[in-house]
Amino acid sequence: MSMNPDVLLQASGLCAWYGAAQILFDVDLQVRKGEVVALMGRNGAGKSTTLKALIGMVEKRRGSVHFMGHDLSRSEPHVAARRGLGFVPEDRRVFTDLTVLENLDVGRQPPRRWPDGSAAPQWTPERLFQLFPNLGEMPDRPGGRMSGGEQQMLTVARSLMGNPYLLLLDEPSEGVAPLIVEQMARTILELKAQGIGILLSEQNLPFAEVVADRAYVLEKGQIVHAASMAELASDKAARQQYLGV
């Protein structure tokens, strides 16, 4: 399968099940280098399941997932992570007994190169503390003694320690203070500027407008609309129909 080298992630006909219930139906999507793509839709539309299906965290899936020239359609999540596919789950999952620095250390992977041989972004705790100054002020604080927003940043930072080519971000603006939402938006744009691809599931239209280049809208596990972010934001009928805003 020859792919445009700019396409980092390509899913075709992706289906997913939890037990006997089918949640996703033939989802096709792609994310390019340095592109931010928003996966939008109402609660329960299948956004989180799509991210989990891409990395292999669902009970059963069908269809193809290609990432950086590798077929991940049947691999375990740790294989995808080693290939440079980062995942930031909605429920954060920081190690509460480990300090900020120890949490970061858990995510560490070797440096990577893009297919053309140039160096991919490489992250160290020092660089991450520039990106997330709040974390830099509490390197020895245990994860369990941090606010939800701080834990959210730590989860993103820990994923970046794996030097990912692409980051799957589940609801990054959900349930955190407006200040953290702003910082998250700045972080996403900074990562994009370095060539990292980002696929984020998001319900918050203003947030998606700030960061995303394109949007896919999911409804009942199917992609019902695909457009540039600017088109979706200005298309009142589509917003009303699919997002209720």
Normalised by the number of residues in the chain, what is the relative contact order in percent for Cα pairs under 8 Å and 6+ residues apart? 27 percent
For the range 71-133, just say rounded, prolate or oblate: build the C-alpha gyration tensor, square-root its eigenvalues into a ≥ b ≥ c, call rounded for a/c under 1.5, and beyond that prolate if a/b exceeds b/c, oblate if not. oblate
Which aspartates and glutamates have a Cα less than 16 Å from the Cα of LYS33, not counting those fewer than 8 places away in the same chain? ASP6, ASP116, GLU190, ASP213
Of the GluC sites (Glu not before Pro) in the range 92-177, those whose Cβ has at most 15 other Cβ within 10 Å and which sit in DSSP loop: GLU137, GLU174
Order TYR165, TYR18, most accessible first, counting only protein heavy atoms with a 1.4 angstrom probe. TYR18, TYR165
Based on the alpha carbon coordinates of the chain, what radius of gyration and maximum Cα-Cα distance (Dmax) apply, in Å? 17.2, 50
Would the range 169-245 count as rounded, prolate or oblate if I go by the C-alpha gyration tensor, calling it rounded below 1.5 in a/c and otherwise prolate when a/b exceeds b/c, oblate otherwise? prolate
Per-q log10 I(q)/I(0), the range 1-106, q = 0.18, 0.23 Å⁻¹ (Debye; single scatterer per alpha-carbon; no solvent): -0.95, -1.32
Please give the solvent-accessible surface of LYS33 in Å², to the nearest 10, using a probe radius of 1.4 Å with every protein chain present. 70 Å²
For q = 0.17, 0.18 Å⁻¹, what log10 I(q)/I(0) does the range 57-192 give under the Debye formula with an equal point scatterer on each alpha carbon and no solvent? -0.94, -1.04
Using 7 Å Cα-to-Cβ label points, what is the ASP116/THR99 separation (nm, one decimal)? 4.1 nm
Unit charges at the beta carbon, dipole of the chain: most positive-side option, GLY195, MET161, LEU9: LEU9
Measuring from its Cα centre, the chain shows a charge dipole (+1 at each Lys and Arg Cβ, -1 at each Asp and Glu Cβ) which, in debye to the nearest 20, is 480 debye
Could you check the simple spin-label distance between ALA230 and VAL79, using points 7 Å along Cα→Cβ, in nm with one decimal? 4.0 nm
Rounded to the nearest 10 Å², the accessible area of SER234 at probe 1.4 Å: 90 Å²
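The values are calculated or read from the model by the stated rules, or taken from the named source; none is laboratory data. Values in this document were obtained by computation on a predicted structure and should not be read as measured data. Glycine gets a Cβ as well: all are built from the backbone with ideal geometry, and neighbour counts include every protein chain shown. These accessible areas exclude ligands, DNA and RNA; they are computed on the full protein's heavy atoms, side chains included. Shrake-Rupley method; radii C 1.70, N 1.55, O 1.52, S 1.80 Å.
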